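Remarks on the structure that follows.
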């Protein structure tokens, strides 16, 4: 079978730093269009917006004076309609679910599977729902989430004990988190520079291949230039996908300024991320939510039930 060529970009990405960032939502868009169709779509946006900017971004469409262009861009007459998807990650929920998977089991858990098990699967998801309700609304940088983020980040891999001590000082022992599992994770992060349990690009790329490579069809990903996709991390992704019967042939990096499909993926990720994040914070726009809904991946990682029901038109069980 000929590989599906999927062109991707993200919005709201700050690597493994999930708490205390400028965005609460990560979005990863995949676009399956020819370069010629993508160039035509960008030309139409330029005709409608008439900005002298050399490269359009999501914020051009998000201005109220360009709302009609955004409505067209997401609407059924757009070339993107039914030819693109957006995978959303509620950063706090992703962090908490990974924490539950890594620290509730014996040493060796890597936090790379709880979000694939479906909305009802696994003890980690059950615990993460409860922890999310307790901690995600504590403010922009609740101490528990900051400590959990620092524990599982690979930023200071040489510091084995500090992040563990800091986390358990905040968390205590009421949730059954295992200190030996936390210590084992820090050892693994130190030993393997390519290991990441918190990078949202990992579940996003896994899901992109699963969605577009259904039935075993190979997928080639063309991605905006990204330092977090070195060869060893791509190889790890390929092995995980092969284990699931899926094929990622390769990941190519492309410059947005010379690849119109990357520009479209960037704009789509940014606009849908902002629409979803506004709804997460209770200030959603009904018209834009309805337009974004066909693009949102139903297997996105999302903890807030109220906003998820509105974003997708369905309830998360």
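The values are calculated or read from the model by the stated rules, or taken from the named source; none is laboratory data. Everything numeric here is computed off the predicted structure, so don't read it as measured data. Counting neighbours? That spans all protein chains shown, and the Cβs are built from the backbone with ideal geometry, glycine included.
Exactly one condition in (1) surrounded by fewer than 23 Cβ atoms within 10 Å (Cβ to Cβ); (2) under 21 Å from residue 43 (Cβ atoms); (3) touching a helix residue (DSSP H, G or I) at 6+ places or on another chain (Cβ under 8 Å) is false for residue 246; which is it?
(2)
From the list 287, 257, which one is at pLDDT 95 or above and more than 20 Å from residue 200 (Cα to Cα)?
Details: 257 fails: at pLDDT 95 or above.
Going through 287, 257 in turn, the sole match is 287.
Kindly list the number of the only condition in (1) over 20 Å from the mean Cα position of the chain (by Cα); (2) within 20 Å of residue 103 (Cα to Cα) that fails for residue 146.
The number of the failed condition is (1).
Checking residue 232 against (1) over 23 Å from residue 268 (Cβ atoms); (2) surrounded by 18 or more Cβ atoms within 10 Å (Cβ to Cβ); (3) over 17 Å from the mean Cα position of the chain (by Cα), which single condition isn't satisfied?
(2)
Does residue 237 fit the bill of being more than 19 Å from the chain's Cα centre (by Cα), in a helix (DSSP H, G or I) and crowded, with 18+ Cβ neighbours inside 10 Å? Give the steps one after another, and end with the answer.
Values: more than 19 Å from the chain's Cα centre (by Cα): no; in a helix (DSSP H, G or I): yes; crowded, with 18+ Cβ neighbours inside 10 Å: yes.
No; evaluated as a whole, the condition is false for this residue.
Residue under question is residue 165, and the condition is that it be without any contact (Cβ under 8 Å) to a residue 24 or more places away in the chain and assigned by TED's automatic domain parsing to the domain that holds residue 103; does it hold?
Details: without any contact (Cβ under 8 Å) to a residue 24 or more places away in the chain: yes; assigned by TED's automatic domain parsing to the domain that holds residue 103: yes.
So residue 165 passes the test.
Taking the conditions exactly as written (surrounded by 20 or more Cβ atoms within 10 Å (Cβ to Cβ), modelled with pLDDT of 95 or more and assigned to a helix (DSSP H, G or I)), does residue 205 satisfy them or not? Before the answer, list the steps.
Values: surrounded by 20 or more Cβ atoms within 10 Å (Cβ to Cβ): yes; modelled with pLDDT of 95 or more: yes; assigned to a helix (DSSP H, G or I): yes.
Against the criterion (surrounded by 20 or more Cβ atoms within 10 Å (Cβ to Cβ), modelled with pLDDT of 95 or more and assigned to a helix (DSSP H, G or I)), residue 205 qualifies.
Residue 160 passes all but one of (1) modelled with pLDDT of 90 or more; (2) within 17 Å of residue 16 (Cα to Cα); (3) not in a helix (DSSP H, G or I); which number fails?
Among (1) modelled with pLDDT of 90 or more; (2) within 17 Å of residue 16 (Cα to Cα); (3) not in a helix (DSSP H, G or I), residue 160 violates only (2).
Can you say whether residue 217 is in contact (Cβ under 8 Å) with a residue 12 or more places away in the chain, in the same structural domain as residue 266 (by TED's automatic domain parsing), outside any helix (DSSP H, G or I) and surrounded by 13 or more Cβ atoms within 10 Å (Cβ to Cβ), as far as the supplied structure shows?
Yes; evaluated as a whole, the condition is true for this residue.
Among (1) in contact with a strand residue (DSSP E or B) (Cβ under 9 Å, 6 or more places away or on another chain); (2) modelled with pLDDT of 95 or more; (3) part of a helix (DSSP H, G or I), where does residue 278 come up short?
Residue 278 satisfies all of (1) in contact with a strand residue (DSSP E or B) (Cβ under 9 Å, 6 or more places away or on another chain); (2) modelled with pLDDT of 95 or more; (3) part of a helix (DSSP H, G or I) except (1).
Considering only helices (runs of 4 or more DSSP H) fully contained in the range 1-107, which possess at least 3 residues that are surrounded by fewer than 16 Cβ atoms within 10 Å (Cβ to Cβ)?
On the way: elements: 35-49, 58-62, 67-74, 91-103.
Once the helices (runs of 4 or more DSSP H) in the range 1-107 are filtered for at least 3 residues that are surrounded by fewer than 16 Cβ atoms within 10 Å (Cβ to Cβ), what remains is 35-49, 67-74.
Within the group 287, 252, which residue is assigned by TED's automatic domain parsing to the domain that holds residue 34, on the phi < 0 side of the Ramachandran plot and assigned to a helix (DSSP H, G or I)?
Details: 252 fails: assigned to a helix (DSSP H, G or I).
One residue alone meets the criteria, 287.
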